[in-house]
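The values are calculated or read from the model by the stated rules, or taken from the named source; none is laboratory data. This structure is a prediction, so every number in the text was calculated from the model and none was measured. Please note: Cβ atoms are built from the backbone with ideal geometry, for glycine as well, and neighbour counts cover all protein chains shown.
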Amino acid sequence: MENERYLKDLSEIKNMMSRSSKFISLSGLAGVFAGGYALMGAIIAMWLLEGNVSPFSLPDLSGSVNFLSSSIITSLVLIAIIVLVLAIGTAVYLTTRKAHKNEQQIWDTTSRRLIINFFAPLFAGGIFCLVLLQYGLIGLIAPSMLLFYGLALVHASKYTFGDLKSLGYAIVTLGLIATQFMEYGLYFWAVGFGIFHIIYGIWMYNKYDRNKA
């Protein structure tokens, strides 16, 4: 009896330490929604590119983006922004709801560290992608987005579920592969931000959320 009580006390102490050092209210469903938004964005982007440039054709990386009109480029950037806003908005809503269920504060030292460590590489990657766009290096934008996003996940994983690190490494690997197949950049983007997110979200939901739903 005393052994059981001792083990229970140890378990409670472990949970308290985990809550204080890691943000455990990330929602697996947020990953599923983010992946769905990314796939829809990729489909719309492919539709916009029809008649302008084949998604299977290798872009000219040496000069300006003369094979795309400025309106198409603006539309593609707008699609990326909309996907990002929808993904972040859904993640904030679902994570806030889960945090309330877990009786965990949504904004504390741990969550601030998580956000800072996530957005620092992501912000640097966004600036770098704008520089690539400035110099017409369109073929490297999708691989760069995957690389910096994967690094952001790895960087932030130490403040939340360790499973996030696996997703980060997978996306970094995909981004590196994409640098060798730049003509298929949009497809790699759809796989990384879409399919990988959906698989990860389902995995996280079944592992952490399903029994608590």
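For region 101-116, indicate whether the set of residues that are part of a helix (DSSP H, G or I) and under 14 Å from the mean Cα position of the chain (by Cα) is non-empty.
yes
Scan region 140-157 and tell me whether some residue there is out of contact with any helix residue (DSSP H, G or I) (no Cβ under 7 Å at 6 or more places or on another chain) and farther than 15 Å from residue 27 by Cβ.
Checked against the condition, which is being out of contact with any helix residue (DSSP H, G or I) (no Cβ under 7 Å at 6 or more places or on another chain) and farther than 15 Å from residue 27 by Cβ, region 140-157 yields no hits at all.
Looking only at region 86-145, count how many residues are of a type outside the set (A, V, I, L, M, F, W, C), within 21 Å of residue 180 (Cβ to Cβ) and either touching a Pro at 6+ places or on another chain (Cβ under 8 Å) or in contact (Cβ under 8 Å) with a residue 24 or more places away in the chain (or both).
5
Output the residues belonging to region 167-189 that are touching a residue at least 24 places away in the same chain (Cβ under 8 Å) and polar (S, T, N, Q).
179
Each row is one residue, and each column tells you yes or no for (1) more than 18 Å from residue 197 (Cα to Cα); (2) in contact with a Gly (Cβ under 6 Å, 6 or more places away or on another chain); (3) at pLDDT below 80.
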residue	(1), (2), (3)
7	yes, no, yes
16	yes, no, yes
26	no, no, yes
37	no, no, no
58	yes, no, yes
87	no, no, no
97	yes, no, no
114	yes, no, no
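Would a scan of region 166-173 turn up a residue that is out of contact with any strand residue (DSSP E or B) (no Cβ under 9 Å at 6 or more places or on another chain), closer than 18 Å to residue 37 by Cβ and modelled with pLDDT of 95 or more?
yes
Quick one: residue 157 ticks every box in (1) at pLDDT 95 or above; (2) within 14 Å of the chain's Cα centre (by Cα); (3) not aliphatic (A, V, I, L, M) bar one, so which box is it?
(1)
How about region 118-170: which of its residues are of a type in the set (Ser, Thr, Tyr) and surrounded by fewer than 16 Cβ atoms within 10 Å (Cβ to Cβ)?
Within region 118-170, 135, 166, 169 qualify.
Among the residues of region 157-169, are any in a helix (DSSP H, G or I) and of a type in the set (Val, Ile, Thr)?
Checking region 157-169: not a single residue is in a helix (DSSP H, G or I) and of a type in the set (Val, Ile, Thr).
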